[in-house]
Amino acid sequence: MRRPVLAANWKMHKTAREAEAFADAFLPRVARIDDVEIVLAPPFTALAALARRLAGSRVALAGQNVNPEKQGAFTGEVSPPMLVEVGCAFCIVGHSERRALYGESDALVAAKARALLEHGIRPIVCVGETLEQREQGRTAAVVGAQLRASLASVPAERAAELVVAYEPVWAIGTGRTATPELAQEVHALIRARLGEQFGAAADRIPIQYGGSVKPENAAGLLAQKDIDGALVGGASLEAESFARIVRAGGAP
Ligand code: PEP
């Protein structure tokens, strides 16, 4: 019912030339996998070059961020129509690095998600608790509140186009991964909250896990009932490493 979505978040890594070299090495490695969605999110400067390399493949392109406005005096920003024109089918919003380093609020994330949907781009909406919040036993409350507020502007009839990424902040880039059981517990909670907000469409929304996913731990995480893919940072920068993670999400 839900196709797993395996997405590479390259953050501020790879020039356009480096992105092309990645595609040349990566595409043959995943050419025969057709039961998952594969997504690459390079920096903005590599989108056009990567789009040309990915043409004719099943690998989709994503932005790492967007401004909700169509155009205007917003120095340094990129709009949804710009992402559409360059070939993005997805865009990450609300990544914890943007929330923590650039002060992005749930309300801004909600505006971005809505703007993306209006332009036919599937938002990958990130939520997740900090270590402190987890240790205080507040994971369910924090993730539930982030989810509700970040998806507040999404019309129910468009909910099936969403992707949600559960990324515990303490697991991002730290090498410390949530166990499959611990991740599944939060994913089940997210699914229940999505059900309260969107009804039956919740069953169609892929929920990715993110946080130090590697070839060695991907299969265990992806085998969980409510884990429908992964958002991968560090381990997506090398073609064979990300291809192995993609294969872990595909049919055995
Ligand atoms: C991320 O940035 O979304 C992420 C999960 O990073 P990493 O895989 O490096 O922990």
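The values are calculated or read from the model by the stated rules, or taken from the named source; none is laboratory data. Keep in mind that what you see is a predicted model, and the values were worked out from it rather than measured. In this analysis, Cβ positions are derived from the backbone assuming ideal geometry, glycine residues included, and neighbour counts consider all displayed protein chains. Heads up: the accessible areas ignore ligands, DNA and RNA and are worked out on the full protein's heavy atoms, side chains in. Shrake-Rupley method; radii C 1.70, N 1.55, O 1.52, S 1.80 Å.
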If you wrap a convex hull around the C-alpha atoms of the range 141-224 and split its volume per residue, what is the figure in Å³? 93 Å³
Please arrange 112, 214, 225 by accessible surface area, largest first, computed with a 1.4 Å probe and ligands excluded. 225, 214, 112
For the range 22-89, the percent of accessible surface on carbon and sulfur atoms (probe 1.4 angstrom, ligands and nucleic acids excluded) is 51 percent
Per residue of the range 222-237, what does 6.51 cos²θ - 1.76 cosθ + 1.60 with θ = phi - 60° give for ³J(HN,Hα)? Whole Hz please, x for Gly and Pro, Karplus curve as stated. 6, 6, 6, 3, 9, 9, 10, x, 8, 10, 10, x, x, 7, 9, 7
Cα centroid separation - the range 195-241 against the range 1-75, whole Å: 17 Å
If the cut-off is a Cα-Cα distance under 30 Å, which lysines reach residue 214, setting aside same-chain residues fewer than 8 apart in sequence? 11, 14, 112, 225
For residue 65, distant residues with modelled amide H under 5 Å away: 92
Taking placed amide H atoms and a strict 5 Å upper bound, the residues 5 or more places from residue 230 or on another chain that come that close are 5, 6, 7, 209
Can you give the relative contact order of the chain as a percent, counting alpha carbon pairs under 8 Å and 6+ residues apart? 22 percent
Give me the distance in nm between label points sitting 7 Å out from Cα along the Cα-to-Cβ direction at residue 1 and residue 105, one decimal. 3.6 nm
Applying the Karplus parametrisation 6.51 cos²θ - 1.76 cosθ + 1.60 with θ = phi - 60° to the phi angles of the range 12-19, what ³J(HN,Hα) value in whole Hz is obtained for each residue in order, glycine and proline being reported as x? 9, 10, 6, 6, 4, 5, 5, 5
The simple spin-label model distance between residue 219 and residue 145, using points 7 Å out along Cα→Cβ, in nm, is 4.0 nm
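Over all pairs of distinct alpha carbons, what does the Kirkwood formula give as the hydrodynamic radius of the range 1-116, in Å?
So the Kirkwood estimate lands at 15.0 Å.
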Residue-ordered couplings for the range 160-172, obtained by feeding phi - 60° into the Karplus form 6.51 cos²θ - 1.76 cosθ + 1.60 and rounding to whole Hz (Gly and Pro as x), are 5, 7, 6, 10, 10, 10, 8, 10, x, 4, 5, 9, 7
Restricting to DSSP H runs of at least four residues, report the calculated mean residue ellipticity at 222 nm for the chain, -39500 (n - 2.57) per run over all residues, nearest 500 deg cm²/dmol. -12500 deg cm²/dmol
If you wrap a convex hull around the alpha carbons of the range 97-198, what volume per residue comes out, as a whole number of Å³? 103 Å³
Across the alpha-carbon set of the chain, Rg over Rh with Rh taken as the Kirkwood radius works out to 0.93
